[in-house]
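Colleague: I am attaching a structure below and will ask some questions about it afterwards.
The values are calculated or read from the model by the stated rules, or taken from the named source; none is laboratory data. Source: prediction; values computed, not measured. Cβ placement follows ideal geometry from the backbone for every residue including glycine, while neighbour counts extend to all protein chains displayed. Accessible surface is based on the protein model in full, side chains and every heavy atom, while ligands, DNA and RNA are left aside. Shrake-Rupley method; radii C 1.70, N 1.55, O 1.52, S 1.80 Å.
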Amino acid sequence: MSFSQGRMEDSPAPKDLAAYRAQLHAWLDAHREELAPPYTPPGTLDEQMAQMQRVKSILFDAGWMRYGWPERVGGKGGSPMLRTELGAAIAARDLTDPGLYSLIEVLAPTVIEFAPPALAAEVVPRLLSGAEMWCQGFSEPGAGSDLASLGCRAVPRGARGGASSWVINGQKVWTSLAQYSQRCVLLTRTGSVESRHRGITAFFVDMDTPGIRVAPLEMINGVREFAEVFFDDVVVPADRMLGELDGGWAVAMSILPYERSSCFWQRIAYLYRRLQRLVDVAPADDRAAEVIGNAFLQLHALRARSRATQHRLAGGGALGAETSIDKVLVATAEQATYDAVRRLLPGVVEIDDGMAGEAWRSEYLYSRAATIYGGTAEVQRDIIARRLLDLGDAG
Amino acid sequence: VIDAAERALLEQTVRDALARAATVAGGGGAVDDVLAQLGWRELLAAEPRAALEIVFGALGSAHARATALDDVLAAALGREPRGELAVLLPPFAAWEPPGQTEGDRLHARGLATARAATARQLLVVCRTDSGLAAVDVAPTRAELSPVHGIDPEAGFQAVRVWADAAHARRLDAAAWDSAVAFGRHALACQIAGASRAMLRLACAHAVERMQFGRPIARFQAVRHRLADALIAVEALEATLAVGGERPEALTAALAKAVAGRTARSVAAHCQQVLAGMGFTTEHPFHRFLKRTMALEGIFGAADEIALDVGRQLLATRSVPALVEL
């Protein structure tokens, strides 16, 4: 481990980040062969998952995976931007898929903030080191964009205040990587359905608990990345509650800041890599120049915006409705990047049965979901109109 | 280096001053005087980035006409900015040096701000057999005709120059690139200010205008247009905020192209929301629309710049990440 700077302040100076980045990339260069996927990309989801956990394990042992995480969960402290740099570096090198990897940023900060400290200290290092995978049990068949209407019910055994355990019944859907996961951050209904966001409680559930059944769903690109998860009288100890009873909405919302900052920065690094691949093989004519120039404009503006968002977060700012702008920009730029691929490499998405075709096709199809997952583009625009433009309520 | 609080104060001061000056009939000269009194040229020398962002942002937002672009270009070309010194701009949609020498004669064609009509010297950058040169041209050697076009209030002049090139001074190619970068950054800031202003007007209209018994702001189709406009404006503003103390060629090119794209989409959304009002000259929207259309072509519009940037990426087969955390 060559990087031996002490604890960084929460908002690191750009030169410190640049030094960290340089040392990180030098280390990744030196360990290139060890880190490379042992298959020809894209690989199967099983292969990708094994690769991701292997990479996490190597990076954890070398210390990189611990920068930016608190000491009390096995980290080395320092600004969360350090882990953002790591995520971007491995996405830019295609060592792991950023969509799979970024679940760390979605789930670990929430567990650190809301789980009992001993539980967080036990489980977070297992996630970071690749020993475990976790999933996010939020969406339901009847609760997609309208998450506050979720109905998966948790009932106390005994008195509501002092129950030693809770019994969960219901169904989740679009749960990414549930079939690979050892744990689930689960939102349940503990109040009446009418109580909406006030009657929701979060639990940290072991996926091997009796009564949990996982049924993977095949996505449009043929990958079985997400799943339906059924809960049938699943008993969860009360000390696995995350946050307060009926305080699950705060837990759900706590995911937003890192999902909308570090995850996006990783996704942007990945999109730059994709545009680079297109630029590597595109014809050197003006039609290609126009398409590539326009895609680059969008990626550049997005990157500029995302940088500002991360610095606001690192500077202690609370991220809220304004990250809906980041969300729409990421989704739009992602789709524009793959639209550019489809326009400049005719047939690669539609009829190319080689490895290049397989990879571009899968990613192209997956990119269509960018305006849907994590809150649809329409929901984001509603938030922007109400909260940022003060246009009042719709309807 | 000015801090955030000083900058906010300065922005407010400039905005207030421009708002007062813009009410004077004609606008033009009064705004230049106000900027000079506020110490605009001193700020440009000390803090070029902040100066461009504060002053041109305010010019765009207030729909004020000034000739500060001449000062920006003069400074980038290594000259002392003065009220009597104008700089010849390339023709609309172009960014090559506007002049060419043949032997000891200089020919040039391009645009200029209103300053060219009163300046004592017009600085012309030209190509020569051996590279670039700069020539100070007397007003008598330049033929000016006011551009009416879509935005007569912008004060642009169409310029032709036939002059003696004997006093041409060699100019480093990087100086012209720097002038283009400064000019693009300044114009992108002005377009950003104007785009914000269009969005403000459209939002104000949407919450006041009643149809079907409610403000039109309650209709999702209207809300989403305005949300899209805000997304574009905020992305543009973020683009303007990256980079170093002096605008650089590629980041300024991208900023100018993003500005052009933004102005087009913001104008389209806002005009649709403003509907009949946005189609009249009674409502101020049309001024901003026309001004952004005129400004977009100075130093290249979005389409030309995007094409040029794409050519650069293909020539080098590289996609540079110009922004780091």
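Colleague: Assess whether A:ARG342 counts as being in contact (Cβ under 8 Å) with a residue 24 or more places away in the chain and open to solvent by 30 Å² or more (accessible area, probe 1.4 Å).
Modeller: The answer is no for A:ARG342.
Colleague: Then there is this: Can you tell me how many residues within the stretch A:35-61 are over 21 Å from A:PHE226 (Cα atoms) and without any contact (Cβ under 8 Å) to a residue 40 or more places away in the chain?
Modeller: Summing the residues that are over 21 Å from A:PHE226 (Cα atoms) and without any contact (Cβ under 8 Å) to a residue 40 or more places away in the chain in the stretch A:35-61 gives 4.
Colleague: Could you grab me the full set of residues in the stretch A:383-392 that are at the interface with chain B (Cβ under 7 Å from one of its Cβ atoms) and out of contact with any strand residue (DSSP E or B) (no Cβ under 9 Å at 6 or more places or on another chain)? Reasoning before the result, please.
Modeller: Initial filter on the stretch A:383-392 (at the interface with chain B (Cβ under 7 Å from one of its Cβ atoms)): A:384-385, A:388-389, A:391-392.
Correct list: A:ILE384, A:ALA385, A:LEU388, A:LEU389.
Colleague: Name the residue, out of B:VAL233, B:VAL207, that is open to solvent by 60 Å² or more (accessible area, probe 1.4 Å) and within 11 Å of chain A (Cβ to nearest Cβ).
Modeller: That would be B:VAL207, the only listed residue that is open to solvent by 60 Å² or more (accessible area, probe 1.4 Å) and within 11 Å of chain A (Cβ to nearest Cβ).
Colleague: Same structure, new question: Among the numbered criteria (1) without any contact (Cβ under 8 Å) to a residue 24 or more places away in the chain; (2) open to solvent by 30 Å² or more (accessible area, probe 1.4 Å); (3) under 29 Å from A:ASP286 (Cβ atoms), which one does A:ASP353 miss?
Modeller: Every listed condition holds for A:ASP353 apart from (3).
Colleague: Would you mind telling me which numbered condition in (1) touching a strand residue (DSSP E or B) at 6+ places or on another chain (Cβ under 6 Å); (2) surrounded by fewer than 18 Cβ atoms within 10 Å (Cβ to Cβ) A:GLY78 fails?
Modeller: Tallying (1) touching a strand residue (DSSP E or B) at 6+ places or on another chain (Cβ under 6 Å); (2) surrounded by fewer than 18 Cβ atoms within 10 Å (Cβ to Cβ), A:GLY78 fails exactly one: (2).
Colleague: Looking only at the stretch A:1-48, how many residues end up being of a type outside the set (A, V, I, L, M, F, W, C) and modelled with pLDDT under 80?
Modeller: Residues in the stretch A:1-48 being of a type outside the set (A, V, I, L, M, F, W, C) and modelled with pLDDT under 80: 11 in total.
Colleague: In the stretch A:276-307, what count of residues is obtained for those that are within 7 Å of chain B (Cβ to nearest Cβ), of a type outside the set (Asp, Glu) and open to solvent by 50 Å² or more (accessible area, probe 1.4 Å)?
Modeller: Matching residues across the stretch A:276-307 total 2.
Colleague: Condition first: buried (at least 24 other Cβ atoms within 10 Å of the Cβ) and within 10 Å of another protein chain (Cβ to nearest Cβ). Now tell me which residues in the stretch B:239-258 satisfy that.
Modeller: Selection gives B:THR239, B:LEU240, B:ALA253, B:LEU254, B:ALA255, B:ALA257, B:VAL258.
Colleague: Right, another one. Take the residues in the stretch B:309-321 that are facing chain A (nearest Cβ under 7 Å) and surrounded by 13 or more Cβ atoms within 10 Å (Cβ to Cβ), then tell me which one is farthest from B:ALA188 (Cα to Cα).
Modeller: B:LEU314
Colleague: To continue, here is another question. Output yes when any residue across the stretch A:152-169 is within 25 Å of A:ARG267 (Cβ to Cβ) and either touching a residue at least 40 places away in the same chain (Cβ under 8 Å) or assigned to a strand (DSSP E or B) (or both), and no when none is.
Modeller: No, that holds for no residue.
Colleague: Mind checking whether some residue in the stretch B:164-176 is open to solvent by less than 30 Å² (accessible area, probe 1.4 Å) and within 18 Å of the chain's Cα centre (by Cα)?
Modeller: Going residue by residue through the stretch B:164-176, those that are open to solvent by less than 30 Å² (accessible area, probe 1.4 Å) are B:165, B:171, B:175-176.
Filter again for within 18 Å of the chain's Cα centre (by Cα), leaving B:176.
Yes, some residue in the stretch B:164-176 is open to solvent by less than 30 Å² (accessible area, probe 1.4 Å) and within 18 Å of the chain's Cα centre (by Cα).
Colleague: Can you tell which of A:ARG72, A:ARG32, A:ARG83, A:ARG93 is in contact (Cβ under 8 Å) with a residue 60 or more places away in the chain and open to solvent by 30 Å² or more (accessible area, probe 1.4 Å)?
Modeller: Just one listed residue meets the conditions, A:ARG93.
Colleague: With the condition kept exactly as written, say whether any residue in the stretch B:293-303 is within 11 Å of another protein chain (Cβ to nearest Cβ), in a helix (DSSP H, G or I) and either among the hydrophobic types (A, V, I, L, M, F, W, C) or open to solvent by 10 Å² or more (accessible area, probe 1.4 Å) (or both).
Modeller: Scanning the stretch B:293-303, I find at least one residue that is within 11 Å of another protein chain (Cβ to nearest Cβ), in a helix (DSSP H, G or I) and either among the hydrophobic types (A, V, I, L, M, F, W, C) or open to solvent by 10 Å² or more (accessible area, probe 1.4 Å) (or both), so the answer is yes.
Colleague: Could you list all residues from the stretch B:1-20 that are surrounded by fewer than 13 Cβ atoms within 10 Å (Cβ to Cβ) and either hydroxyl-bearing (Ser, Thr, Tyr) or not in a helix (DSSP H, G or I) (or both)?
Modeller: B:VAL1, B:ASP3
Colleague: Looking only at the stretch B:210-230, which residues are among the aromatic types (Phe, Trp, Tyr) and either within 9 Å of chain A (Cβ to nearest Cβ) or buried (at least 19 other Cβ atoms within 10 Å of the Cβ) (or both)?
Modeller: Passing the criteria: only B:PHE219.
Colleague: Go through the stretch B:270-292 residue by residue and tally those that are away from chain A (no Cβ under 14 Å) and part of a helix (DSSP H, G or I).
Modeller: Going through the stretch B:270-292, the residues away from chain A (no Cβ under 14 Å) turn out to be B:271-272, B:274-292.
Going one step further and asking which of them are part of a helix (DSSP H, G or I), we end up with B:271-272, B:274-278, B:285-292.
Total meeting the criteria: 15.
Colleague: Now for a separate question. Would you call A:ARG54 within 14 Å of chain B (Cβ to nearest Cβ) and either in a helix (DSSP H, G or I) or touching a strand residue (DSSP E or B) at 6+ places or on another chain (Cβ under 8 Å) (or both)?
Modeller: No.
Colleague: So A:HIS311 passes all but one of these: (1) assigned to a loop (DSSP other than H, G, I, E, B); (2) modelled with pLDDT under 95. Which condition number does it fail?
Modeller: Here A:HIS311 clears every test but (1).
Colleague: Same structure, new question: State all residues of the stretch A:328-375 that are assigned to a loop (DSSP other than H, G, I, E, B) and among the β-branched types (Val, Ile, Thr); if no residue qualifies, say none.
Modeller: Within the stretch A:328-375, A:VAL348, A:VAL349, A:ILE351, A:ILE372 meet the criteria.
Colleague: Further question: Only one of these conditions is not met by B:LEU85: (1) crowded, with 17+ Cβ neighbours inside 10 Å; (2) at pLDDT below 95. Which number is it?
Modeller: (2)
Colleague: Residues to consider are A:GLY151, A:GLY162, A:GLY158, A:GLY144; find the one that is under 19 Å from A:MET219 (Cα atoms), surrounded by fewer than 21 Cβ atoms within 10 Å (Cβ to Cβ) and of a type in the set (Gly, Ala, Ser).
Modeller: A:GLY144
Colleague: Here's another thing I want to ask about it. I'd like to know if the stretch A:231-254 contains one or more residues that are touching a helix residue (DSSP H, G or I) at 6+ places or on another chain (Cβ under 7 Å), under 30 Å from B:GLU324 (Cβ atoms) and open to solvent by less than 40 Å² (accessible area, probe 1.4 Å).
Modeller: Checked the stretch A:231-254: at least one residue is touching a helix residue (DSSP H, G or I) at 6+ places or on another chain (Cβ under 7 Å), under 30 Å from B:GLU324 (Cβ atoms) and open to solvent by less than 40 Å² (accessible area, probe 1.4 Å).
Colleague: Let me ask you something else. Just one of the numbered conditions (1) in a helix (DSSP H, G or I); (2) open to solvent by 60 Å² or more (accessible area, probe 1.4 Å); (3) away from chain A (no Cβ under 11 Å) is not true of B:ARG261; which one?
Modeller: With (1) in a helix (DSSP H, G or I); (2) open to solvent by 60 Å² or more (accessible area, probe 1.4 Å); (3) away from chain A (no Cβ under 11 Å) applied to B:ARG261, the lone miss is (3).
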